[in-house]
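Accompanying notes for the structure given below.
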Amino acid sequence: MKEELLKIFDESGNHIGEASRSEVHKKGLWHETFHCWLLSVVEDKASIYFQIRSHLKKDYPNLFDITAAGHLQSTETVQDGLREVKEELGIEVKMEDVIPLGIIKNSIILETIKDHELSHVFLLKSNKPFTDFNLQREEVSGIVKADFNQFYQFAHALRDTVEVDGFQITETDEKIPIQKSVDKNQFVSHESNYLLDVVELIKNNIHNEF
């Protein structure tokens, strides 16, 4: 299968060409990603949702992550990124359904990858809990939610753990409930400034009218 091409940028966000995904991560080139966070607000209680990355994923298997996210290929627009919500979670979303939170720089540097992202971040907010998930199993093995205030404190390093509640589908297709306390080692290691920006932007939107 032909490797996907991504647009590449300088650190200021100027488009400077294209490169393969493997080259982008090997050389640490800036590229575009699409991030969509799901948030439900029911009776003034806000819950934020995380996906559990599939054990089949090359990068960060079995870790908690942004509800739906993916790379934007060189031929795609930001609006095309909405496919990630449909593909990964089975939720049909239109551009008018999401709240744009802006472009946030997000870097993850490991021995095996240099991931410098210009992330187009969106919020999908509902006044009902999200329950109707149809997961893309090779990408996502489960969904959990956490109290947003807890996660806000967690992102600000005011607490070491956060309580999550949801489900995971096993390799034998068994759907098992999850209810536990998790620490930062169980999350994809996004840059702290990225998470701080995200939780502040979401907090500002929680009390807006639906």
Cα atoms only, the stretch 67-156: Rg and Dmax in Å?
-> 14.5, 41
Scan around residue 4 for amide H atoms under 5 Å from its own, H built in the peptide plane at 1.01 Å from N, and keep only partners 5 or more places away or cross-chain.
-> 21
Length-normalised contact order of the stretch 5-206, Cα under 8 Å, at least 6 apart, in percent, tallies to 22
Output ³J(HN,Hα) for the stretch 87-102: one whole-Hz value per residue in order, computed from phi by the Karplus curve 6.51 cos²θ - 1.76 cosθ + 1.60 with θ = phi - 60°, and x for Gly and Pro.
-> 5, 7, 10, x, 9, 7, 9, 10, 4, 6, 7, 10, 9, x, 9, x
When a footprinting reagent is the concern and you count Cβ atoms within 10 Å, what order do 57, 7, 125 take, fewest first?
-> 57, 125, 7
Between the stretch 1-28 and the stretch 139-210, what's the alpha-carbon centroid distance in Å?
-> 29
Long-range HN-HN contacts of residue 101 with modeled amide H, under 5 Å = 121, 122, 123
Residue-ordered couplings for the stretch 38-47, obtained by feeding phi - 60° into the Karplus form 6.51 cos²θ - 1.76 cosθ + 1.60 and rounding to whole Hz (Gly and Pro as x), are 9, 9, 10, 10, 10, 6, 6, 9, 9, 10
Enumerate the calculated ³J(HN,Hα) couplings along the stretch 109-120 in order (Karplus 6.51 cos²θ - 1.76 cosθ + 1.60, θ = phi - 60°), each rounded to whole Hz, writing x wherever the residue is Gly or Pro.
-> 10, 10, 4, 9, 7, 10, 10, 9, 10, 9, 8, 7
13 Å cut-off, amide nitrogen to a point 7 angstrom out along residue 77 Cα→Cβ, residues in the stretch 15-29 = none
When the helices in the chain are scored as -39500 (n - 2.57) per DSSP H run of 4 or longer and the sum is shared across all residues, what 222 nm value do you end up with, to the nearest 500 deg cm²/dmol?
-> -5000 deg cm²/dmol
Rg/Rg_ref, the chain, where Rg_ref = 2.2 N^0.38 Å and atoms are Cα = 0.99
Amide H neighbours of residue 28 under 5 Å, counting only residues 5+ apart in sequence or on other chains, H built in-plane at 1.01 Å?
-> 114
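Values in this text are rule-based calculations from the coordinates and carry no lab data. Since the model is a prediction, treat every value here as computed from it, not as a measurement. Every residue, glycine as well, gets a Cβ built from its backbone with ideal geometry; the counts of neighbours run over all protein chains shown.
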